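This report refers to the structure that appears directly beneath it.
What follows draws every value from the coordinates through simple rules; no lab data is involved. Everything numeric in this text was worked out from a predicted model, so none of it was measured. When we count neighbours, we look across all protein chains shown, and the Cβ atoms used for this are built from the backbone with ideal geometry, even at glycine.
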Amino acid sequence: MAYNLLKGKRGIITGALDQNSIAWKVAEKAHEEGATFVLTNAPIAMRMGEINALAEKTNSKVIPADATNVDELTNLFTQSQEVLGGKIDFVLHSIGMSVNIRKNIPYTESNYDFYMKGIDVSAMSLHKMLSVAKKLDAINEWGSVVALTYMAAQRTYPFYTDMADIKAMLESIARSFGYHYGIEKKVRINTVSQSPTKTTAGSGIKGFGDFYDFADSIAPLGNADAESCADYCITLFSDLTRMVTMQNLFHDGGYSSTGVSTEIMTKLGIQ
Ligand SMILES: NC(=O)c1ccc[n+]([C@@H]2O[C@H](COP(=O)([O-])OP(=O)(O)OC[C@H]3O[C@@H](n4cnc5c(N)ncnc54)[C@H](O)[C@@H]3O)[C@@H](O)[C@H]2O)c1
């Protein structure tokens with residue numbers, strides 16, 4: 001059911017790789033809610049071609065940009081305003097990649113070149129986007145920026161390796177930039193801390209399947225799926241959350257507030 005929550009709003013949505021991507025669902029919902037937007041992803045992701053199907057479905061233009069490259073981001077924000085006919089109202093940062101995770105390198109033996117790459121792609125890219133947008137004055141007052149994160153920023157999940165530190169940095173950038181952008185332009189910046197979700201990035205993590213089931217057994221509502229994450233992001237882009245900024249918001253079916261569940265105790269044979 002659509003509510004026209006984003007009627008007349010213009011956005012930029014990063015990170016839609018395939019139909020499982022959280023960003024893909026956000027794009028579908030934003031379209032249903034009346035927004036117009038540009039889709040973007042790293043040039044290398046374009047080769048897979050799936051984003052074009054989403055662009056067609058949502059009547060959007062695709063503008064490739066490597067989120068680590070300030071020139072490409074400048075082009076993205078400049079061109080997006082031209083294509084959409086005005087300043088931007090919402091931005092989704094849905095970008096994550098760790099070479100250390102991909103290569104199954106244990107946290108204590110992290111490769112530092114890979115570590116730096118992960119920081120640049122998955123955290124500093126948010127800073128770069130915001131800095132470019134601010135310099136160009138590309139985001140409307142009361143505009144909303146949402147970046148996706150994971151609870152490993154607060155608690156240790158050994159298999160999440162360097163991404164835990166990187167997500168902590170991402171959340172900190174949202175707070176720090178949120179202060180400055182809020183004061184100067186009333187732009188709001190939040191992170192949404194999402195349940196384990198079956199996507200390309202998620203499934204690349206060792207033992208993801210088992211952990212997905214574990215989290216599902218802990219959370220009173222079960223794991224939140226990509227579609228409900230998209231619903232939540234839409235509310236954050238809407239005018240109904242105008243005074244929410246600099247927050248890390250858990251979207252996890254109650255997982256983050258639950259110590260243990262009877263379901264897990266039963267599975268362990270304790271109860
Ligand atoms: N899947 C999960 O379990 C889960 C849980 C919590 C948070 N998240 C976060 O959600 C976000 C989206 O991930 P997803 O699960 O939808 O997976 P996904 O693999 O579908 O999306 C990740 C995206 O990042 C893009 N990307 C990588 N390098 C880039 C670059 N240099 N420039 C621009 N884009 C680049 C990829 O092309 C891809 O589209 C990530 O930040 C991820 O950490 C995922």
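Using a simple spin-label model with points 7 Å from Cα along the Cα→Cβ vector, what separation in nm is obtained for Asp113 and Met265?
Spacing of the two 7 Å Cα→Cβ label points: 5.1 nm.
For the chain, what's the relative contact order in percent, using C-alpha pairs closer than 8 Å and at least 6 residues apart?
Dividing the mean separation by the residue count of the chain yields 19 percent.
Can you pull out the trypsin sites (Lys or Arg not before Pro) in the stretch 1-71 whose DSSP state is coil and whose Cβ has at most 10 other Cβ atoms within 10 Å?
Arg47
Rounding to the nearest 20 debye, state how big the charge dipole of the chain is about its Cα centre with +1 on each Lys and Arg Cβ and -1 on each Asp and Glu Cβ.
Working: 25 positive and 29 negative charges, 93 e Å.
Approximately 440 debye in magnitude.
Assuming R0 = 30 Å, what is the FRET efficiency of Met46 and Leu221, from their Cβ-Cβ distance, to the nearest 0.05? Show your work: numbers first, answer last.
Numbers: r = 36 Å, r/R0 = 1.20.
Efficiency at R0 = 30 Å is approximately 0.25.
Multiply the residue gap between Met243 and Ser172 by 0.36 nm, knock off their C-alpha separation, and tell me the result in nm, one decimal place.
Details: separation 71, 0.36 × 71 = 25.56 nm, distance 1.87 nm.
Additional length available on full extension: 23.7 nm.
According to a simple spin-label model (label point 7 Å from Cα along Cα-to-Cβ), what is the distance in nm between Ala53 and Ser203?
For the pair Ser203/Ala53, the computed spacing is 1.4 nm.
When the label point is put 7 Å from the Cα of Arg102 along its Cα-to-beta-carbon vector, which residues of the stretch 140-169 have a backbone N closer than 19 Å?
Residues passing the 19 Å test: 159-167.
Just want to confirm a number: the relative contact order over the stretch 30-124, from Cα pairs under 8 angstrom separated by 6+ residues, in percent.
22
If the elastic network links every pair of Cα atoms under 10 Å, which of Thr156, Thr191, Thr245 fluctuates the most in the Gaussian network model of the chain?
Thr156
Just tell me which lysines come within less than 19 Å, Cα to Cα, of Lys134; anything on the same chain fewer than 8 places away is out.
Lys9, Lys87, Lys185, Lys186
Only helical DSSP H runs with n ≥ 4 go in: add -39500 (n - 2.57) per run for the chain, normalise by residue count and round the 222 nm mean residue ellipticity to 500 deg cm²/dmol. Don't skip to the end; give the middle numbers.
Numbers: 12 runs with 121 residues, N = 271.
Calculated from helices alone, the mean residue ellipticity at 222 nm is -13000 deg cm²/dmol.
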